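Step one of this worksheet: look at the structure below.
The values are calculated or read from the model by the stated rules, or taken from the named source; none is laboratory data. Treat the numbers as computed from the prediction; the structure is a model and nothing was measured. Note that each Cβ is placed from the backbone with ideal geometry, even for glycine, and that neighbours are counted across all protein chains shown. Just so you know, the surface numbers come from the protein's heavy atoms only, side chains and all, with ligands and any DNA or RNA stripped out. Shrake-Rupley method; radii C 1.70, N 1.55, O 1.52, S 1.80 Å.
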Amino acid sequence: MSERIRAMARAAAIPLLAVATGLVAGALIVVVTDVEVIRAWGRVVQDPGHALAATWRSIATAYGALFEGSLGSAYAISESLVTTTPYIFAGLAVALGFRAGLFNIGVEGQLFMGALASVWIGYSVKGLGAWLHLPLALLAGAAAGAAWAAIPGYLKARTGAHEVVNTIMMNYIAFRLSDWLLNGPMKRPGPGGMPGFVPISPEVLPSAYLPRLFEPPLRFHVGFFLALALAVGVWWLLWRTPLGFEMRSVGANPDAARTAGMAVGRTYVVAMALSGALAGLAGANQVLGVDRWLGQGFSPGYGFDSIALALLGGSHPGGVVLASLLFGTLRSGATRMQSVAGIPIDIITILQALILAFVAAPALVRALYRIRGETAAGPVLTRGWGRG
């Protein structure tokens, strides 16, 4: 086995073991929240076999429903990939920021801004062919996300204001701006041209639809392949271009990068803008490929979950894609898990949190599995408060 393959295996071992450990911990939570299992264990002295059988039945039912709801049919696979797609865009956005030493907490707000711009272009610009209208709507989403993210990047470069605080504040502004627009200028007209009662936008014109690849009810669309292409593009940018080298250098040590003649402030602004463009595309993908209109709270938290995805994927585009597939599958199967096994959908959230906790604590995973520690430094996640 070559040294390169060994290095890749070592890099993948901790996340894989963290996922496995998270699933085991999730099984324990499923068991201890099952009333029937608790009753069976209350009579374990009289009937130990019944207690063990009830425990196994509870775990098998839960994870069986999760598998069936995420991968058990063509519809389930389609929904898993539909859920995975915005995760890939948003995860790449956070990972790109991490590589430049920036903690972009504002992906959710940038996602909203991208969706607003895309849906507006999608329903208001008429008379264009799909070959022009769809790219225009996607570009509008990317541009809106980039512009929204560039603001905290510029403030960090010029004043040293930390991007965490500013991106969080920009999230609130984006949410409230979205609410105002959907209750005002962008509100869908009701019968007779009167203002509608529901705060949703008009429907996107068919010329701006992201094409779906199968007949309804399958909603799988080409946005998934666009996300994969962008993952390759982000990898190429970071590891094959001077700009990517500059971003990684600034992320690793901004003082050394500045001494080497790199424009650290400009790199912050460019990195944040590119990160925001990816986040904006996540919102554009959702409104043009899935919903085809925009409503309040249309995102179930893709932007916030993307922080976990970037961590789980080691801030590498390939890792982000794999982590997105995992989270998309878990979230898609959660509904089936709730309906068939009667397990609250919150268990999936707990499962995701457990996986992330184990990934964030590699020393704990190494201790559990008696793995020798690594000496190499991991990806840079963020700089200290107030440092430029």
Next item on the list: Test ARG99 against the criterion of being farther than 21 Å from GLN352 by Cβ, free of Cβ contacts under 8 Å to residues at least 24 places away in the same chain and of a type in the set (D, E, K, R), and give yes or no.
Entry: no
Check: Checking GLY261 against (1) farther than 27 Å from VAL94 by Cβ; (2) in contact (Cβ under 8 Å) with a residue 12 or more places away in the chain; (3) open to solvent by 40 Å² or more (accessible area, probe 1.4 Å), which single condition isn't satisfied?
Finding: (2)
Item checked: For ALA308: the one exception among (1) over 19 Å from SER124 (Cα atoms); (2) in a helix (DSSP H, G or I); (3) touching a residue at least 60 places away in the same chain (Cβ under 8 Å) -> (3)
Item checked: Out of LEU132, LEU138, sole residue that is surrounded by fewer than 24 Cβ atoms within 10 Å (Cβ to Cβ) and assigned to a helix (DSSP H, G or I) -> LEU132
Next item on the list: Exactly one condition in (1) closer than 30 Å to ALA363 by Cβ; (2) of a type outside the set (Phe, Trp, Tyr); (3) assigned to a helix (DSSP H, G or I) is not met by LEU102; state its number.
Entry: (3)
Next item on the list: Output the number of the condition that ILE14 fails; it satisfies all remaining conditions of (1) of a type in the set (Val, Ile, Thr); (2) open to solvent by less than 40 Å² (accessible area, probe 1.4 Å); (3) modelled with pLDDT of 80 or more.
Entry: (3)
Checklist line | Residues of region 141-180 that turn out to be open to solvent by less than 20 Å² (accessible area, probe 1.4 Å) and free of Cβ contacts under 8 Å to residues at least 40 places away in the same chain, as a count | finding: 0
Next item on the list: Among the residues of region 360-383, write down those that are at pLDDT 70 or above, closer than 23 Å to SER315 by Cβ and either within 18 Å of the chain's Cα centre (by Cα) or charged (D, E, K, R) (or both).
Entry: ARG366
Margin query: Going through LEU330, LEU322, LEU354 one at a time, which residue ends up being touching a residue at least 12 places away in the same chain (Cβ under 8 Å), open to solvent by 30 Å² or more (accessible area, probe 1.4 Å) and either in a helix (DSSP H, G or I) or not small (Gly, Ala, Ser) (or both)?
Written below: LEU354
Notebook entry, point to check: Inside region 195-289, counting only helices (runs of 4 or more DSSP H) that do not spill past its ends, which hold 2 or more residues that are under 23 Å from the mean Cα position of the chain (by Cα)?
Noted result: 223-240, 242-252, 264-286
Check: Restricting attention to region 291-307, which residues are open to solvent by 10 Å² or more (accessible area, probe 1.4 Å) and on the phi < 0 side of the Ramachandran plot?
Finding: ASP291, TRP293, GLN296, PHE298, SER299, PRO300, TYR302, PHE304, ASP305, ILE307
Item checked: Answer from GLY101, GLY49, GLY97, GLY109 - the residue that is small (Gly, Ala, Ser), open to solvent by 10 Å² or more (accessible area, probe 1.4 Å) and either more than 12 Å from the chain's Cα centre (by Cα) or farther than 13 Å from MET272 by Cα (or both) -> GLY49
Note to self: Looking only at region 169-184, how many residues end up being assigned to a loop (DSSP other than H, G, I, E, B) and modelled with pLDDT of 90 or more?
What the structure shows: 0
Check: ALA279: at pLDDT 90 or above, open to solvent by less than 10 Å² (accessible area, probe 1.4 Å) and not β-branched (Val, Ile, Thr), yes or no?
Finding: yes
Margin query: Pairs needed: first member in region 181-202, under 20 Å from ILE121 (Cα atoms) and of a type in the set (Lys, Arg); second member anywhere, at pLDDT 85 or above and open to solvent by less than 20 Å² (accessible area, probe 1.4 Å); C-beta distance under 7 Å; at least 6 residues apart or different chains.
Written below: ARG188/SER201
Margin query: Any residue in region 41-54 that is outside any loop (DSSP other than H, G, I, E, B) sitting within a Cβ distance under 8 Å of a residue that is open to solvent by less than 70 Å² (accessible area, probe 1.4 Å) and not β-branched (Val, Ile, Thr)? List the pairs, counting only those 6 or more apart or interchain.
Written below: TRP41/ALA51; TRP41/ALA54; HIS50/ALA40; ALA51/ALA40; ALA53/ALA40; ALA54/ASP34; ALA54/ALA40
Note to self: Take the conditions within 20 Å of the chain's Cα centre (by Cα), of a type in the set (S, T, N, Q) and under 25 Å from VAL232 (Cα atoms) and apply them to SER80. Does it pass?
What the structure shows: yes
